[in-house]
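Notes for the one structure printed next.
The values are calculated or read from the model by the stated rules, or taken from the named source; none is laboratory data. Predicted, not measured: the structure shown is a model, and the values here were computed from it. A quick note on method: Cβ atoms are made from the backbone with ideal geometry, for glycine too, and the neighbour counts reach across all protein chains shown. Ligands, DNA and RNA are stripped out before the accessible areas are found, and what is left, the full protein with its side chains, is counted by its heavy atoms. Shrake-Rupley method; radii C 1.70, N 1.55, O 1.52, S 1.80 Å.
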Amino acid sequence: GIEFIDSYVFNKVENIRFNSTVGRYVGYTEHGVKNAEAWNKGPQLGQEQAELERVCKPNAALHYR
């Protein structure tokens, strides 16, 4: 399978990451954990999942054909 990772970095520190294998946001700093909790309950989660379907899966199918 494919894995889609979308990382949010500030000052060279990864604060939060969406990982399609996990299926949700994970925070890596105090601020990132708070954002992950909010983003997992809001429209951001659906937007990441839509990107996976819209961009990643069709391009992966082309690449691995």
key: Residues within segment 7-65 that are over 11 Å from the mean Cα position of the chain (by Cα), among the aliphatic types (A, V, I, L, M) and part of a helix (DSSP H, G or I), tallied   = 6
Close pairs from segment 39-65: first at pLDDT 85 or above, partner open to solvent by 90 Å² or more (accessible area, probe 1.4 Å), Cβ under 8 Å, at least 6 apart = Asn40/Arg24; Leu45/Arg24
